[in-house]
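The values are calculated or read from the model by the stated rules, or taken from the named source; none is laboratory data. On a predicted model such as this, the values are computed, not experimentally measured, just so you know. Methodologically, a virtual Cβ is constructed for each residue, glycine included, from the backbone with ideal geometry; neighbour enumeration extends over all protein chains shown.
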There are 2 protein chains.
Amino acid sequence: MQIIDGKATSAQIKKEIAEEVEQRLAKGLHRPHLAAILVGHDGGSETYVANKVKACEVCGFKSTLIRLEDSVSQDELLAHVEALNNDPDVDGFIVQLPLPRHIDEQAVIEAIDPAKDVDGFHPVNVGRQSVGLPCFHSATPAGIVELLRRYNIPTRGKNVVIVGRSNIVGKPLAAMLMQKGEQGDATVTVCHSATPDLASVTAKADILVAAMGRPGFITADMVADGATVIDVGTTRVPDASRKSGFRLSGDVDFEAVAPKCTAITPVPGGVGPMTIVSLMLNTLEAARRRD
Amino acid sequence: MQIIDGKATSAQIKKEIAEEVEQRLAKGLHRPHLAAILVGHDGGSETYVANKVKACEVCGFKSTLIRLEDSVSQDELLAHVEALNNDPDVDGFIVQLPLPRHIDEQAVIEAIDPAKDVDGFHPVNVGRQSVGLPCFHSATPAGIVELLRRYNIPTRGKNVVIVGRSNIVGKPLAAMLMQKGEQGDATVTVCHSATPDLASVTAKADILVAAMGRPGFITADMVADGATVIDVGTTRVPDASRKSGFRLSGDVDFEAVAPKCTAITPVPGGVGPMTIVSLMLNTLEAARRRD
């Protein structure tokens with residue numbers, strides 16, 4: 001059984017990115033610049049954004065963090081988006097989700113210039129990904145595909161089962177893995193809360209992707225011997241023994257499932273770091289397009 | 001075994017559309033107007049476009065057909081697209097595919113104003129469909145979903161297997177059927193040419209959709225007893241006994257498969273007429289949006 005080490009892989013990719021940035025600067029090209037808008041003070045969002053800023057430093061990117069209060073109006077937020085769309089110094093930017101309830105998240109997503117939408121959430125990027133055209137890929141699915149590639153885990157002709165049909169993981173990952181080509185060509189099944197007898201479907205997966213956000217939901221009986229298991233779950237579970245008061249829990253019962261697997265991602269240290277790396281790769285690509 | 005009669009269903013929907021058009025006109029609202037650009041003289045394309053023009057008549061729509069020669073340049077074609085984008089009298093339009101090889105099909109698709117893209121091929125509509133937002137749905141998948149709805153064939157919790165991953169059928173249909181809601185909530189598997197042991201996957205389908213364009217490919221051993229079978233194939237097969245010299249063949253070996261099914265669509269007279277009806281519904285919706 002092999003642990004798929006997303007932390008080490010992401011560190012390696014960030015090193016590769018930093019080298020390309022150095023080469024860019026040596027050639028007189030500009031330093032990639034990622035901006036992020038963070039609304040409010042949600043603990044999870046604070047951590048995610050802090051990690052993104054940190055990754056920018058490691059990659060040699062310029063980063064800008066725009067903090068707005070929970071009480072910000074939709075119009076004010078849209079004005080910030082518009083300013084970043086028009087800022088020639090910014091290659092790409094993200095608006096950290098979720099947003100406060102009084103703001104129409106989709107309206108904000110669609111206000112972002114698709115050419116700067118490094119999260120890949122704008123319908124233009126979602127649609128281009130679906131039909132297999134160049135685009136900013138959604139970060140988590142792209143991170144998963146890159147992990148499989150670097151660990152030489154083929155997808156062609158494999159039975160891939162994705163549990164969870166979210167717009168940021170399940171659906172775009174399905175689109176990527178069914179695409180023609182070396183990193184696709186899988187037979188893809190998407191399961192979800194309305195799937196009866198889920199275990200009978202997951203137990204047939206060569207590659208099982210758990211992405212529903214239910215800690216420890218995937219138990220050993222739901223996994224085939226020799227499967228590759230990708231755990232996208234990162235739920236904060238209360239844990240009095242930790243200084244933070246919580247621990248991150250995946251959707252897979254790791255202790256019980258891991259012994260059955262050919263390969264498995266841990267939580268933390270699996271898919272999570274790869275998601276941030278995908279954002280860095282999209283930002284680098286955005287910078288290249290503007291050269 | 002029930003034959004799912006797409007011809008009768010589409011006739012009924014066209015009647016409903018014509019009634020709405022009458023009501024629109026009585027209220028002083030404008031008559032919906034669909035335009036089509038047809039490049040060259042491909043026999044299949046000629047037939048499709050002629051059927052669309054005829055459907056417009058039945059629905060009470062205004063229609064405009066713009067015929068261009070095979071030799072048309074991409075710039076000339078794009079100029080026609082731009083003119084239709086800007087024509088306030090046109091609610092929606094299509095560019096009949098395929099286009100001659102010297103023309104970049106995707107560039108033409110992306111030049112169409114998404115608000116007039118009643119084929120639903122523009123990435124904005126593909127992306128909005130994927131995330132479950134209001135959009136112009138791709139015509140064939142929307143026609144299939146409407147057929148299932150009108151025949152009271154539930155999709156919720158059902159095992160749907162789609163054979164074929166095209167951008168106009170397989171992928172968008174998968175997105176629609178996995179969506180949350182009454183017409184979705186299915187467990188969806190997409191198979192294709194790289195799927196090994198295809199029969200073992202298709203034989204587990206409650207609803208099997210054949211959309212790969214290989215006449216008679218789906219044989220009885222590939223279908224579960226009691227399945228619903230949707231045949232999207234429409235390949236012209238040479239047939240000396242016909243005046244036209246060909247007959248339309250579906251992807252399903254109908255004679256052998258039909259007796260096993262709870263319900264099945266014939267070819268012709270199944271999905272085909274519903275595809276055109278979806279285009280009419282999209283055009284009506286485009287007209288409503290401009291009221």
Checklist entry - Do we have A:Ala194 as surrounded by 15 or more Cβ atoms within 10 Å (Cβ to Cβ), in a helix (DSSP H, G or I) and free of Cβ contacts under 8 Å to residues at least 24 places away in the same chain here? => result no
Checklist entry - From the list B:Thr262, B:Thr275, B:Thr202, B:Thr187, which one is polar (S, T, N, Q) and closer than 21 Å to B:Lys54 by Cβ? => result B:Thr275
Checklist outcome for this item: From the option list A:Thr9, A:Thr47, single residue qualifying as without any contact (Cβ under 8 Å) to a residue 12 or more places away in the chain, among the polar types (S, T, N, Q) and under 22 Å from A:Met274 (Cβ atoms) is A:Thr47
Checklist entry - Can we say A:Gly120 is surrounded by fewer than 24 Cβ atoms within 10 Å (Cβ to Cβ) and within 11 Å of chain B (Cβ to nearest Cβ)? => result no
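For every residue, the table says whether it meets (1) modelled with pLDDT under 95; (2) polar (S, T, N, Q); (3) closer than 21 Å to A:Leu177 by Cβ.
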{"residue": "A:Asp221", "(1), (2), (3)": "no, no, no"}
{"residue": "A:Asp225", "(1), (2), (3)": "no, no, no"}
{"residue": "A:Ile230", "(1), (2), (3)": "no, no, yes"}
{"residue": "A:Val252", "(1), (2), (3)": "no, no, yes"}
{"residue": "A:Thr265", "(1), (2), (3)": "no, yes, yes"}
{"residue": "A:Met280", "(1), (2), (3)": "no, no, no"}
{"residue": "A:Thr283", "(1), (2), (3)": "no, yes, no"}
{"residue": "A:Arg289", "(1), (2), (3)": "no, no, no"}
Item to check | Members of segment A:105-117 found to be part of a loop (DSSP other than H, G, I, E, B) and surrounded by fewer than 21 Cβ atoms within 10 Å (Cβ to Cβ), listed by number | outcome: A:Asp113
Checklist entry - Of (1) closer than 18 Å to A:Ile4 by Cα; (2) in contact with a Ser or Thr (Cβ under 6 Å, 6 or more places away or on another chain), A:Thr187 satisfies all except one. Which? => result (1)
Item to check | B:Leu99 part of a loop (DSSP other than H, G, I, E, B) and modelled with pLDDT of 95 or more | outcome: yes
Item to check | Which listed residue, of A:Ile4, A:Ile13, is at pLDDT 95 or above, surrounded by 15 or more Cβ atoms within 10 Å (Cβ to Cβ) and within 30 Å of A:His80 (Cβ to Cβ) | outcome: A:Ile13
Next on the checklist: Can you find, within segment B:144-175, the residue that is surrounded by the most Cβ atoms within 10 Å (Cβ to Cβ) among those that are more than 11 Å from chain A (Cβ to nearest Cβ) and touching a residue at least 40 places away in the same chain (Cβ under 8 Å)?
Outcome noted: B:Ile144
Checklist outcome for this item: Scanning segment B:273-291 residue by residue, those within 14 Å of the chain's Cα centre (by Cα) and within 15 Å of B:Ser63 (Cα to Cα) turn out to be B:Ile276, B:Val277, B:Leu279, B:Met280, B:Leu281, B:Asn282, B:Thr283
Checklist entry - Among (1) touching a strand residue (DSSP E or B) at 6+ places or on another chain (Cβ under 7 Å); (2) modelled with pLDDT of 95 or more; (3) within 23 Å of A:Ser10 (Cα to Cα), where does A:Ala55 come up short? => result (1)
Checklist entry - Name the pairs whose Cβ atoms lie under 6 Å apart, with the first residue in segment B:210-222 and in a helix (DSSP H, G or I), the second of a type in the set (Val, Ile, Thr), and 6 or more positions between them or separate chains? => result B:Ala220/B:Val257; B:Met222/B:Thr202
Item to check | Members of segment A:74-104 that are in contact (Cβ under 8 Å) with a residue 24 or more places away in the chain, surrounded by fewer than 13 Cβ atoms within 10 Å (Cβ to Cβ) and either under 30 Å from A:Glu19 (Cα atoms) or of a type in the set (S, T, N, Q) (or both) | outcome: A:Asp89
Item to check | Members of segment B:123-140 that are in a helix (DSSP H, G or I) and either without any contact (Cβ under 8 Å) to a residue 60 or more places away in the chain or within 7 Å of chain A (Cβ to nearest Cβ) (or both) | outcome: B:Pro123, B:Val124, B:Asn125, B:Val126, B:Gly127, B:Arg128, B:Gln129, B:Ser130, B:Val131
Checklist entry - Counting only residues that are under 24 Å from A:Asp197 (Cα atoms) and among the charged types (D, E, K, R), which one in segment B:197-220 is surrounded by the most Cβ atoms within 10 Å (Cβ to Cβ)? => result B:Asp206
Next on the checklist: So if I check each of B:Val39, B:Val118, which one is within 30 Å of A:Lys171 (Cα to Cα) and at pLDDT 95 or above?
Outcome noted: B:Val118
Next on the checklist: When the residues of segment A:106-117 are narrowed to those that are charged (D, E, K, R) and touching a strand residue (DSSP E or B) at 6+ places or on another chain (Cβ under 8 Å), which ends up farthest from the other protein chains (Cβ to nearest Cβ)?
Outcome noted: A:Lys116
Next on the checklist: With the structure loaded, tell me whether A:Gly60 is closer than 30 Å to A:Pro268 by Cα, out of contact with any helix residue (DSSP H, G or I) (no Cβ under 6 Å at 6 or more places or on another chain) and either of a type in the set (Gly, Ala, Ser) or at pLDDT below 95 (or both) or whether it fails that test.
Outcome noted: no
Checklist entry - Looking at segment A:167-186, is at least one residue at pLDDT below 95, in a loop (DSSP other than H, G, I, E, B) and within 24 Å of A:Phe217 (Cα to Cα)? => result yes
Item to check | Pairs with Cβ under 8 Å, 6+ apart, first in segment A:259-276 and at positive phi, second not in a helix (DSSP H, G or I) | outcome: A:Gly269/A:Asp5
Checklist entry - If we scan segment A:224-238, do we find a residue that is more than 9 Å from chain B (Cβ to nearest Cβ), surrounded by fewer than 24 Cβ atoms within 10 Å (Cβ to Cβ), acidic (Asp, Glu) and outside any loop (DSSP other than H, G, I, E, B)? => result no
Checklist entry - In this structure, is A:Pro259 in contact with a helix residue (DSSP H, G or I) (Cβ under 6 Å, 6 or more places away or on another chain) and part of a helix (DSSP H, G or I)? => result no
